[in-house]
Structures are given as C-alpha cells and as structure tokens.
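Peer 1: One structure follows; several queries about it will come next.
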Amino acid sequence: SNPSLTNSGLPSIIRKKLMGYVGFANLPNQVHRKSVRKGFQFTAMVVGESGLGKSTLINTLFNTTLYSPKEPLPPSAERPKTVAIESIGADIEENGVRLHLTVVDTPGFGDFVNNDDSWKPIVENIESRFDSYLEQENRVNRTKVVDNRVHACLYFIQPTGHSLKEIDIEFMRRLHTKVNLIPVIAKADTMTEEEVAEFKERILSDISHHNIQIFQAPTYDNEDEETVSEAEEIASKIPFAVVGSDKVVRAPDGRQVRGRAYPWGVVEVDNEEHCDFVKLRQMLIRTYMEELREYTNDVLYENWRTEKLLGMGVAQDSTVFKEINPAARMQEERILHEAKLAKMEAEMKMVFQQKVQEKEAKLKQSEEELYARHKDMKDALEKQRADLEEKKRKIESGRPITPEKNTSGRRKGFLRT
Ligand code: GDP
C-alpha cells in the first residue's frame with residue numbers, strides 16, 4: 001500500500017527536516033517586497049450624523065489633513081435632502097510603504113426629519129463597488145484589477161448615553177453582511193468614564209439582541225500568547241470610545257500632545273487611559289488592515305457574489321445545498337463558465353461578421369475599379385483603332401493613283417501604244 005496515504009485516502013503530511021538552507025524561508029520577504037512595490041489599496045467608509053467628528057477622526061487616524069475644517073452651515077442655508085456619497089483619495093507613504101487610501105464619506109446621513117431610507121444609498125454604493133470588482137474579475141485581461149470595495153465602515157454613535165437609536169440599528173442591520181462594521185462612540189470626551197462604560201454595555205446588548213455582526217479581530221490556533229491577548233484586548237474595547245483632534249496642546253506636565261484642552265484638563269488622543277483611539281487605530285491600521293481586506297474579499301464579497309449569481313438564476317439550489325454539495329458548486333461554476341464562453345463566442349462571431357463585411361465591401365470596390373479600368377482601356381483601344389482606321393483611310397485616299405487606276409492606266413497606255 002502507498003505509505004503516503006492515510007486510511008481515509010487523503011495524503012498525510014510528512015514532516016521532514018531539511019539538511020541545509022534551501023531558500024524558501026525567504027518567501028515572506030519576497031512577498032513583502034512585492035507588496036511594498038505594488039502598494040496597498042484600502043477604502044474606509046465613515047457614517048454618522050454631521051458634527052460627530054468624522055472628518056477630524058480620519059485626520060487624526062492618518063495623521064494628515066485629508067479633510068480641511070468645515071465651516072458650520074448657517075441655519076438659513078439650503079441643506080441637501082438626501083444622503084450623498086463623497087470619496088476622497090490620498091496616496092500616503094510611511095517608511096517606503098505606499099498606501100492608496102480612499103475615504104468614503106456619507107454626508108446627510110441621519111440629518112433629516114425623516115431618516116427612514118438613509119441606509120439605502122449607502123448599501124447601493126457598497127454593492128456597486130462589489131459589482132465593479134466582479135466585472136473586473138470577469139474581464140479577459142485581469143492584470144489591472146482595482147479594488148474599490150469598502151474594507152471597513154466606521155459607524156459613529158452619538159454620545160447620548162442612552163442606547164442605540166432606531167437609525168443606528170436599521171443601518172447596522174442592513175449593512176453588517178456587506179461590510180466590516182466598526183462601531184465607535186463619537187466625542188467620548190463629552191462623557192465620564194462610568195457613562196462610557198455603561199453606554200458600551202447597552203450598545204453591545206442592542207447589537208447582540210438584533211443579531212448584528214460587527215468585525216472581530218480573528219485569532220488562529222497556532223498564534224502566540226501575545227498576539228492572542230492583543231486581539232482580546234482590542235476586542236474588549238469595542239465599541240471604541242474615541243476622541244479626535246488635529247491640534248497639539250500642552251499637557252499639565254508640559255508635554256506637547258494631540259488632544260483637546262478643557263478648563264478642567266486635557267484629553268489626550270494617544271493616551272489609552274483617556275480614550276480608545278489607540279486601539280481603534282490598531283484595529284483599522286496597525287494590526288488588522290490586511291484582515292479587514294481579506295475578510296471583505298473572502299467572506300463579504302464572496303457571499304454577495306453567490307447571492308447575486310443565485311438571484312440571476314444561475315443555480316436554483318439553495319446556498320446551503322451548494323455548500324454541502326461540491327457537485328452543485330461545480331455545476332454552478334460550469335454554467336457560469338459556459339455563459340462566459342458563449343458570450344465570448346458571440347462577440348467573436350460579431351467581430352468576424354464585421355470583418356467579412358468589410359472585406360466584401362473592399363472586394364466589391366476593387367471589382368468596380370477593375371471594371372472601370374477595363375472600360376477605360378477598352379475605350380482607349382477603341383479610340384486607337386478608330387484613329388488608325390482614319391489614318392489608313394487618309395493614306396489610302398491621299399495616294400495620287402490607286403493601284404487599280406495605275407494598272408488600268410498603264411494597261412490603257414500600253415494598249416494605246
Ligand atoms: P463631521 O461633520 O462628522 O465630519 O465632524 P467634524 O470632524 O467636522 O467635527 C465637528 C466638530 O466637532 C468640530 O468643531 C470638531 O472640532 C469637533 N470635534 C471633532 N472630534 C471631536 C471629539 O472627539 N470631541 C469633541 N468634543 N469635539 C470633537
């Protein structure tokens with residue numbers, strides 16, 4: 001029997017010791033260098049009522065002025081009636097690593113008298129980004145796929161100290177299967193420590209009551225204790241109570257810190273005793289940015305894609321059936337593949353027909369040209385013949401004596417003499 005096969009028929013893994021340095025230990029470095037060269041794409045969305053400090057927090061997170069300070073609208077100003085979607089992009093670099101960051105803002109969310117459909121344009125925006133990715137995946141040439149999918153959504157909760165509002169729950173319920181939700185308590189410096197702790201508890205119970213799934217930092221079996229405890233610590237702070245500021249102020253002990261100064265003291269953004277900003281930054285940027293991207297691709301996008309294909313009638317089977325039935329999955333893929341082939345074939349046929357038509361038109365044209373040339377030549381020859389004929393006649397008629405006359409004359413003369 002084959003020793004590399006276990007009873008189940010699956011190949012077992014043979015652990016072998018290498019006799020010397022082979023070199024694939026350098027793979028992580030190779031991957032790393034390649035990623036660094038290509039740069040990273042990351043798209044974050046911010047959602048929440050205006051004035052909750054969204055722009056300020058983005059500036060604070062990426063330590064740059066992505067958003068310039070907003071002038072408050074005068075009360076008389078014409079306010080928009082719908083939620084708008086606005087995105088800005090920035091290429092930022094840190095120690096040679098390039099990040100193409102896109103921030104999608106949703107001004108108007110929660111700002112109206114009736115906010116029932118506030119979530120709708122946002123879902124549509126997220127899905128259209130999935131659509132665009134799917135379309136790129138289906139292209140023949142897929143070398144330049146741009147990932148504009150939203151990798152994380154910071155949801156700003158008003159620091160009311162009560163519980164979640166209808167609009168918060170509705171938004172999260174509609175969005176949690178399509179985007180990595182990261183809830184934050186805005187302007188946490190306006191609440192006391194106890195108020196924050198109680199508020200967090202209420203928010204978490206609301207979230208679990210409505211079966212809303214928020215992004216959780218994943219932990220793996222083979223991970224070291226430190227990584228696991230770091231993930232647990234981050235998780236324990238959700239929803240992050242944040243404070244944003246793009247100003248540097250003087251702490252009581254004289255240090256210059258990013259923070260907000262009050263008559264009663266200074267709230268430091270980067271101080272974990274004061275707020276959860278550092279943990280949020282860890283979640284979003286320092287530790288789990290790649291996990292956010294991966295989860296978006298492997299789970300959120302994949303589920304959306306499956307549902308979309310099912311909706312298109314690609315397969316009538318239920319998702320569950322497909323998951324436990326690899327044959328059904330293969331069948332679905334085969335149908336998709338065939339549809340793609342058929343489309344390509346149709347396109348090729350069209351191109352071919354077009355080419356044939358072009359060729360035919362060209363042939364017809366050269367045929368006409370040939371006819372025209374032939375006619376010209378024939379005419380020219382005809383004319384030449386006529387000319388020659390004419391010349392011949394002239395020569396003949398221009399002769400003083402015709403051969404017959406000559407003969408007969410001579411004959412006459414001869415006869416006469
Ligand atoms: P946005 O409309 O959500 O983008 O809010 P902005 O970032 O423009 O902030 C609105 C106002 O809130 C500005 O005056 C900010 O200075 C202030 N602000 C921003 N972040 C905080 C914060 O964490 N705490 C407090 N107290 N005020 C903040």
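Laboratory data are not the source of any read-out in this text; all were calculated from the coordinates shown. Quick caveat: nothing in here was measured; it's all calculated off a predicted structure. So basically every Cβ, Gly included, is an ideal-geometry build from the backbone, and we count neighbours across all protein chains shown.
Peer 1: Normalise the Debye intensity by I(0) for the range 167-309, one equal point scatterer per Cα, no solvent, then take log10 at q = 0.18, 0.19 Å⁻¹ and round to two decimals.
Peer 2: Scattering profile of the range 167-309, log10 relative to I(0): -1.13, -1.21.
Peer 1: So for the range 212-266, what are the equivalent ellipsoid semi-axes in whole Å, largest first, each being the square root of 5 times an eigenvalue of the Cα gyration tensor?
Peer 2: 34, 15, 9
Peer 1: Okay, moving on. Sequence neighbours fewer than 8 away in the same chain don't count; with that in mind, list the lysines whose C-alpha is under 22 Å from Lys247.
Peer 2: Counting by Cα, and skipping residues close in sequence, Lys247 has these lysines nearby: Lys54, Lys70, Lys187, Lys279.
Peer 1: Most fluctuating residue of Leu164, Leu388, Leu309 in a GNM of the chain with Cα springs under 10 Å: which is it?
Peer 2: For the chain, modelled as a Gaussian network with Cα springs under 10 Å, the answer is Leu388.
Peer 1: Additional query: Could you rank the peptides 89-102, 123-136 by their average count of other C-beta atoms within 10 Å per residue, with the highest value first?
Peer 2: Ranked from most to least packed, the peptides come out as 123-136, 89-102.
Peer 1: Which value in deg cm²/dmol, rounded to the nearest 500, describes the helix-derived mean residue ellipticity at 222 nm for the chain, given -39,500 (n - 2.57) per DSSP H run of n ≥ 4 and division by the residue count?
Peer 2: -15500 deg cm²/dmol
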